[in-house]
Amino acid sequence: MRKQQTFSIFTGILRRDLKLAVRAPSQWINPLLFFLIAVSLFPLGVGPEQNMLREIAPGVIWVAALLAAMLAQDSLFRADFEDGSLEQMLISSRPMSMIIMAKVLAHWLVTGLPLIVLSPVLSILMGLSLVGWWALLLTLLLGTPILSLLGAVGAALVVSVKRGGVLLSLLVLPLCIPVLIFATAVVQTAGVGLAIEGQVSLLGALLALSVTLSPIAIAGALRVTGGAA
Amino acid sequence: MSFELKSGELLQIDGANGSGKTTLLRTVCGLVPADEGNVYWCNRPIQQNRQGYFSQLAFVGHKHGIKDELTAAENLEIDQILAANPSSVSVREALGRLGIGECRHQLCRELSAGQRQRVALARLLVSIAHFWVLDEPLTALDQEAQRTVCDLVGQHIAAGGMVLLTSHQKLDWSGQAHRIIKLGNA
Amino acid sequence: MWTWAHKFGSPGYFYALAGKVNPWLTALYIALFATGLYLGLVVAPTDYQQGDSYRIIFVHVPSAWMSMFVYVVMAVFAAIGLIWRLKLTAVLAKASAPLGASFTFLALATGSIWGKPMWGTWWVWDARLTSELILLFLYLGFMALQAAMPDRQTAWRAGAILLLVGVVNIPIIHFSVDWWYTLHQPATITKLGAPSIHPSMLVPLLIMAVAFKVFYLSLLLSRARAEILHRERRTRWVQELARSGQL
């Protein structure tokens, strides 16, 4: 019975947030457009030479994904904070970690997953090979949830700060550097035809670590900042 | 200041704007830490007994906790999920008792201020919470709705519940005994 | 132990105690700096490869050590502050942040100056310099968060969580940056820190490291005292101090 209840809060919040995302789509479509535009600026900035583009593609795509994630993450708790829904979650006796995981998952489904769906287009734009695209897909699949979780920690910390979006990036971007390093290395290594299992497993370890530890930090941060009037 | 609330008691907090009514209520709900002192529930500080305390607490604050993009019914369903003990009152019945049954499938952004406040107050009916904390529950309501809410509060007290609320008005709580604390401008 | 912690944690007591200790600490770090710099700049022999330019390590290495050390100290304050709610931890951690950021900046600046004769350029994306740069960002992030929140208590508790998240991440960031460096820079640049260091260089280096620690402690106490006076300016003991002319 208890287990079922715990599950019901997870699915309930998940459905609520997805419903809200469908009804107010600009919040997740805009960061996605930003991602697309940011990547297409690079060929214009450095020139259309295919080999050079292919070389910088992993870095460019991942840096753009990082910035887009920061833009999107600001809205994760802010709307709930402003209309008082967050208060109701904080004074609920249901497990806070479940509420948080449901919210982060819903948010990833509308902000992280579309990046993965867009990845073939980006690979073509940046001249990546098929192998490179597969590697990119794999890193986005493992890496964007980490960005969502780290971003959620930042979003929880700055939720009561007016116009906290830039501050969120200041706090979280340095923490995202390991993801950037390992993910781009995977795509580069795959590009030259070497084995990528090692780096991929490092990314997987980072994901496991952030899934376990971030909810604690997010819940703690929300209890500190989310109650502010 | 210090006060105690027992089962079947109603405490009304009154005071000028800025005298700290809302802050007091938020402190009681454990949303903001007290500068000094503590809030106890069944003789234990609430921080040490979050689960037990929150499962008995229902709060309608200054910010209503209602999503504009959800319908009235969808909003209440979320309240049901968040409640530790959902009551046997259905969403439809709860909204009906507050007189907004007919707009349950309307998005909350289309509702008036008074209707939205009633959606928030309907939260009290969908969960079995012992302790109600209400911040200015009557401000945007018309005469009839005020009557309804006062009756609800009166019934809750009569059934052994506890209510802590802020209001400027002198109110008739269906003959239930109540105390009033006036906060001064500190 | 507990009563002692609370007595020590009370602002008035800490203010008085820090005021008594600080002159001694100041004398100590001046003596240590003088000895360390004399041994390092005058007595220690010239390096046969790098000439005299290597002598910047007597500032660079201690400040790099301090940059890490201060962050860990702040994280310890954060943990204590979150668990036991001692008010003093907020004062100490917030007073430490600009100091830690300055040490980090000093490590970066001296590293860059050292790099000019070594690499022929002011900046190289070397693993250690890159890690220091990221650490500087972490310090600045903490300070920005403190500045953005009007309520002091909320700001500190949020900052404490950020510090704990940061201290978990720092080893991961270090590891990833090292890994990244070895991936992109196949051994063309010889390793800087020689594996074995001659005692005539090691001794001044260690003295300088201790001098930096005492220097930090002394500055921390001064900054904490100033912060305490500001926070407690409406209390009776501060106003009495002011009236009796002891400020």
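Values as computed for the structure displayed
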item	result
Global form of region B:42-142, assessed from the alpha-carbon gyration tensor, a/c cut-off 1.5	prolate
Kyte-Doolittle mean at least 1.0 and Cα axial length at least 18 Å: DSSP H helices in chain A	A:26-46, A:50-73, A:96-111, A:113-125, A:130-157, A:177-191, A:197-225
Chain B: calculated mean residue ellipticity at 222 nm from DSSP helix runs of at least 4, using -39500 (n - 2.57)	-9500 deg cm²/dmol
For residues of C:150-159, the mean tally of beta carbons on other chains within 10 Å	4
Proximal lysines to C:Lys116, defined as alpha-carbon separation beneath 26 angstrom and excluding residues fewer than eight positions away on the same chain	C:Lys191
Proximal lysines relative to A:Lys162, as straight alpha-carbon distance under 28 Å, when same-chain residues fewer than 8 apart are discounted	A:Lys19, A:Lys103, B:Lys21, B:Lys63, B:Lys67, C:Lys87, C:Lys94
Estimated translational D of region B:85-186 in µm²/s (Stokes, Kirkwood radius over Cα pairs; 37 °C; 0.692 mPa s)	226 µm²/s
Estimated 222 nm signal from helices in chain A, with DSSP H stretches of n ≥ 4 weighted -39500 (n - 2.57), rounded to 500	-28000 deg cm²/dmol
Fraction of accessible area attributable to carbon and sulfur, the protein assembly as shown (%, probe 1.4 Å)	64 percent
GNM result for chain B, Cα springs below 10 Å: residue of B:Leu141, B:Leu171, B:Leu121 fluctuating most strongly	B:Leu171
B:Glu4 versus C:Ala144: modelled label distance in nm, points set 7 Å from Cα along the beta carbon direction	5.1 nm
Equivalent ellipsoid semi-axes, region B:10-183, via Cα gyration tensor eigenvalues times 5, rooted, Å	25, 19, 16
Residue of C:Trp237, C:Trp65, C:Trp156 that the Gaussian network model of chain C assigns the largest fluctuation, springs spanning Cα pairs under 10 Å	C:Trp237
Three-way shape label, region A:2-225, alpha-carbon gyration tensor, a/c 1.5	prolate
Added length on full extension, which subtracts the Cα-Cα distance from 0.36 nm per residue, C:Glu240 to C:Leu202	8.7 nm
√(5λ) per eigenvalue of the Cα gyration tensor, region C:20-243, largest first, Å	35, 24, 13
Where trypsin sites (Lys or Arg not before Pro) in DSSP loops with at most 15 other Cβ within 10 Å are excluded, longest remaining stretch of chain B	B:7-169
Trypsin sites (Lys or Arg not before Pro) within region C:34-89, DSSP loop, no more than 13 other Cβ atoms inside 10 Å	C:Arg85
Scattering profile of region B:91-142 at q = 0.29 Å⁻¹ [log10 I(q)/I(0), Debye over alpha-carbon scatterers]	-1.23
Summed residue charge, Cβ within 13 Å of C:Arg157's Cβ, Lys/Arg positive, Asp/Glu negative	+4
Debye-sum result for the protein assembly as shown in log10 I(q)/I(0), which assumes one identical scatterer on each alpha carbon, at q = 0.06, 0.09 Å⁻¹	-0.44, -0.90
DSSP beta bridges in region B:10-183 [antiparallel fraction, %, rounded to 5]	20 percent
For the pair B and A, total buried accessible area rounded to nearest 100 Å², probe 1.4 Å	2500 Å²
Per residue solvent-accessible surface (Å²) - the protein assembly as shown, probe of 1.4 Å	46 Å²
Cleavage-rule hits, trypsin sites (Lys or Arg not before Pro), region A:98-187, DSSP coil, Cβ neighbours within 10 Å at most 14	A:Lys162, A:Arg163
Shielding score for C:162-175, defined as the mean number of other chain Cβ atoms within 10 Å	5
Alpha-carbon centroids, region C:162-183 and region A:178-195: separation in whole Å	18 Å
Average partner coverage of A:175-186, which counts Cβ from other chains inside 10 Å	5
Helix runs (DSSP H) in chain C reaching 18 Å along axis by Cα, Kyte-Doolittle at least -1.0	C:11-38, C:57-84, C:87-119, C:127-148, C:152-184, C:199-231
222 nm mean residue ellipticity, helices alone, for chain C (DSSP H n ≥ 4; -39,500 (n - 2.57); rounded to 500)	-27500 deg cm²/dmol
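The values are calculated or read from the model by the stated rules, or taken from the named source; none is laboratory data. Everything numeric in this text was worked out from a predicted model, so none of it was measured. Virtual Cβ from ideal backbone geometry, glycine too; neighbours counted across all protein chains shown. Heavy atoms of the whole protein, side chains included, go into the accessibility calculation; ligands, DNA and RNA do not. Shrake-Rupley method; radii C 1.70, N 1.55, O 1.52, S 1.80 Å.
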